[in-house]
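First up is the structure itself, then whatever we jot down about it.
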Amino acid sequence: MNQPVRKAVFPVAGLGTRFLPATKAMPKEMLPVVDRPLIQHVVDEAREAGIEHFIFVTGRNKGVIEDHFDWQFELEMALLERQKHAALEFMSQDLPIPGSTSFTRQQEPLGLGHAVWCARELIGREPFALLLPDVLVQHTPGCLAQMLEAARELDDKVNVVAVEEVPHERVDQYGVVGVGTAKGKTFTITTMVEKPRPERAPSNLILTGRYILQPEILDVLQTQERGAGGEIQLTDAMIQLSHTQNFYGLKFEGRSFDCGSKIGFLAANVSYALGRKDIAPGFRVEIKRILDELNGD
Ligand code: UTP
């Protein structure tokens, strides 16, 4: 892929119904995994991969996401007065450089494909990354960095999607890809199917929520009809684009967590906490105590 990927899109306009009532007044993307909101983890992944511009597709009640990536004058003054230098340092590290974020609105949550299309003017005519903030991948280098490295080995104007294996009986919850020939660490995608019945699925490799897409996807989305669930589906648009452009899959390294589900979210908190030197020792003791009490020891 010759043209560099400088921009990343983060769709954050969904309703987060699976987390009600927690998400009644607070966006799902602001739920914390340990002490960082989901959206911050995903922005960190994009930043580590070299992304320069961060595009958020927001909606009603999502203003706090914009505030999160802004300078909090009163808070910083209070921290300064109280000599909380470590906290101040943390906050300034996370602050995006001025002009590197853009926010646009998806007035109605009409689906992921529609959310991406809402960012068309900000994306322009260049390849871009798309990261779903409710999927976390725990690994260094991050999932997007792995994808960009793999993409550099491929031809120009290709699309790359992150894929992972799930038990065959669970494929009906996901977008599933068909596997073609291997090319370096990637493979060509022969087909994509949204939520297939297990007996009809082309494989047990599912789309994980990380994409590198060519701008032509925006042209397809422009006229995309509503699909499953009455939503404008990104997978439908990718299937159409795959008739004229190549799609590659990358089986990334790392453990993914579907933080849009309660179990995935809780598992992410446990795994990220156990990965932290400052938290893991005390947290292990607590987990053991809870399990022992439950087991009646
Ligand atoms: P999800 O379908 O997981 O999010 O979309 P949701 O709709 O908010 O969740 P539930 O099912 O009601 O609990 C994945 C990502 O795409 C965004 C969501 O905000 C989430 O980050 N999204 C989804 C949009 O931005 N717009 C949409 O129309 C749909």
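Please give the FRET efficiency for Lys24 paired with Val179, using the beta carbon to beta carbon distance and R0 = 51 Å, rounded to the nearest 0.05.
0.75
Do you know the relative contact order of the chain, to the nearest whole percent, from alpha carbon pairs under 8 angstrom that are 6+ apart?
22
Would you mind computing, in nm to one decimal, how far apart the modelled labels at Glu286 and Ala78 are, each placed 7 Å from Cα along Cα→Cβ?
Those two pseudo-labels are separated by 2.3 nm.
Just the number, please: percent antiparallel of the DSSP beta bridges in segment 1-144, rounded to the nearest 5.
So the antiparallel bridges amount to about 15 percent of the total.
Is there a quick way to get the dipole size of the chain? I mean about its Cα centre, with the Cβ of Lys and Arg at +1 and of Asp and Glu at -1; what is the value in debye to the nearest 20?
Approximately 320 debye in magnitude.
Once both labels are modelled 7 Å past Cα along the beta-carbon direction, what's the Gln245-His168 spacing in nm?
In this crude label model, Gln245 to His168 measures out at 3.3 nm.
Based on the Cβ-Cβ distance of Lys262 and Lys157, what FRET efficiency does E = 1/(1 + (r/R0)^6) give at R0 = 45 Å, to the nearest 0.05?
The value I calculate is 0.70.
7 Å from Cα along Cα→Cβ at both Trp71 and Thr140: what's the point-to-point distance in nm?
3.0
Need one word for segment 103-194: rounded, prolate or oblate. Basis is the Cα gyration tensor (sqrt eigenvalues a ≥ b ≥ c); a/c below 1.5 gives rounded, then a/b vs b/c decides.
The shape class here is oblate.
So who's got an amide H within less than 5 Å of the one on Phe56, skipping anything under 5 residues away but keeping other chains? H placed 1.01 Å off N, in plane.
Phe10, Ser102, Phe103, Thr104
Explain nothing, just compute: Karplus ³J(HN,Hα) = 6.51 cos²θ - 1.76 cosθ + 1.60, θ = phi - 60°, for every residue of segment 148-165 in order, whole Hz, x for Gly and Pro.
5, 5, 5, 5, 4, 7, 9, 6, 6, 6, 10, 10, 10, 10, 7, 10, 8, 7
With a 10 Å Cβ neighbour count serving as the proxy for reagent exposure, in which order, fewest first, do Leu221, Leu95 appear?
Leu95, Leu221
Among 141-153, 193-205, 169-181, how do they line up from the highest to the lowest mean number of other beta-carbon atoms within 10 Å?
Those peptides, ordered most packed to least, come out 141-153, 169-181, 193-205.
Each value in this text was obtained by applying a stated rule to the coordinates, not by laboratory testing. What you are looking at is a predicted structure, and each value in this text was computed from that prediction instead of being measured. Cβ: placed from backbone, ideal geometry, glycine included. Neighbour counts: every protein chain shown.
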